[in-house]
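First up is the structure itself, then whatever we jot down about it.
Read-outs throughout are calculated quantities, based only on the coordinates presented, and are distinct from any laboratory measurement. Quick caveat: nothing in here was measured; it's all calculated off a predicted structure. Note that we place each Cβ from the backbone using ideal geometry, even for glycine, and neighbour counts take in every protein chain shown.
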């Protein structure tokens, strides 16, 4: 089913068997959001607070976390702040237990924390691979795994895992980022099937260009032109992309409609369409354009 009103693109990907009915977000529900200090995490915190959700917010950026908590606190909801590195297993286990103790239950988990690396494989360090996999993939696994018992105890719940348009197509200089986002997509599809009969939905979210800090905080190769390219990318994201609220709105809809995937931004739909229709040709076009770009 397609729904394309002006300036808003969305698709419902519901598996066979009638899983279309999702979980109504109600006042008093508890939502956990990682990477809540800015961008999509902050926007999602605001959107869920507007629905009356109490929030457990996590980030490594304590100042950003405090700002988000201040913004959502005005909604009259209960908010707790947790400084957590999502790549650390022990910290994530303790985080889940802390949230359950502080709030008494968990209904929604949004695994949003993410980072980026831009580098061709020949200059991409193993350390940067380990860094991005730890946050983008293991952070999602830990968030899903450690909060699952509390979702099961609540009797209903939803897990939202942020993938990317780059979880649909492999692009040059984005091998590690694409690898993690493809992994998030596959992981989400697998556990969605597992949890379908437990009244727990799972959604992978695939944003295109969104005006967040991910480009500013990304790691680049040591190439002489990398900093110049980064500044151009930052300017592009600040002026030509959608606001984080577009993703937050998609997340709220995905939870309430139990969507398997939520695609955000026109370029994501175009990418998804071309990869489905012309998988080999699309990859060849990408390779040719990268050669021309270099």
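Sorted fewest first by neighbouring Cβ atoms within 10 angstrom, 80, 271, 118 come out as 80, 271, 118.
Each part gets one Cα centre, and for the stretch 163-193 versus the stretch 98-145 those centres are 13 Å apart. Remark: 277, 263, 55 ranked as 277, 263, 55, counting other beta-carbon atoms within 10 Å and listing the fewest first. Sorted fewest first by neighbouring Cβ atoms within 10 angstrom, 138, 131 come out as 131, 138. Look at where the Cα atoms of the stretch 249-269 and of the stretch 34-90 average out, and the two centres are 20 Å apart.
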